[in-house]
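The values are calculated or read from the model by the stated rules, or taken from the named source; none is laboratory data. Remember, it's a predicted structure, so these values are computed and weren't measured experimentally. With ideal geometry, Cβ positions are generated from the backbone for all residues, glycine too; neighbour counts draw on all protein chains shown. We work out accessible area using only protein heavy atoms, side chains counted, and drop any ligands, DNA or RNA first. Shrake-Rupley method; radii C 1.70, N 1.55, O 1.52, S 1.80 Å.
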Amino acid sequence: MLVRLGIRAGTSLAGIAVGLLLSSAVLDKFSLNATAVVEATLVFWLVHLAVGFVALKVLVREPSLALAGLLALASTIVSLIIVNAIVSGLYISGLQTYVLATAIVWLATGVSDTIGRRMIRARRADA
């Protein structure tokens, strides 16, 4: 159980970091310094967990796959806004940059979550 939690947390943090770094590399109005990568990744992860929990447990009674994807996008943009306000080395300006960064981070975290699930399944199959 603890190993599965570690795999999920590790792949999630890696996905967030990759998404932020990709956004910084691809988008002109998105900048991130070295210290901010670590801070932004941790703060984003915590905020994303909190926003996702509130959205799924409080606002939604019967979640569907489409609604879960929409909530993941919404919690990603809310997390980016909050992280931009809190972390001093992260700068995002412009609505278009927020939308594109949201898509990039959302895709990166989706891929990392898929990798994490596959790692857990492979571990179960070996056991």
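Label positions at Thr35 and Ser93, each projected 7 Å from the Cα along the C-beta direction, are separated by 2.2 nm. With each label modelled as a point 7 angstrom along the Cα→C-beta vector, the Ala122-Arg4 pair spans 1.8 nm. Just the protein heavy atoms count here, and of the accessible area of the stretch 32-127 at 1.4 Å, carbon and sulfur take up 70 percent. Under the convention that each Lys and Arg Cβ holds +1 and each Asp and Glu Cβ holds -1, the size of the dipole of the chain around its Cα centre is about 500 debye.
For the stretch 61-115, would you read off the P(r) tail past 12 Å as a percentage of all alpha carbon pairs? Result: 69 percent of Cα pairs exceed 12 Å.
Annotation: per residue accessible area for the chain equals 61 Å², rounded to a whole number [probe 1.4 Å, protein chains only]. Springs between Cα atoms under 10 Å define the GNM used for the chain, and in it the highest mean-square fluctuation of Leu67, Leu90, Leu21 occurs at Leu67.
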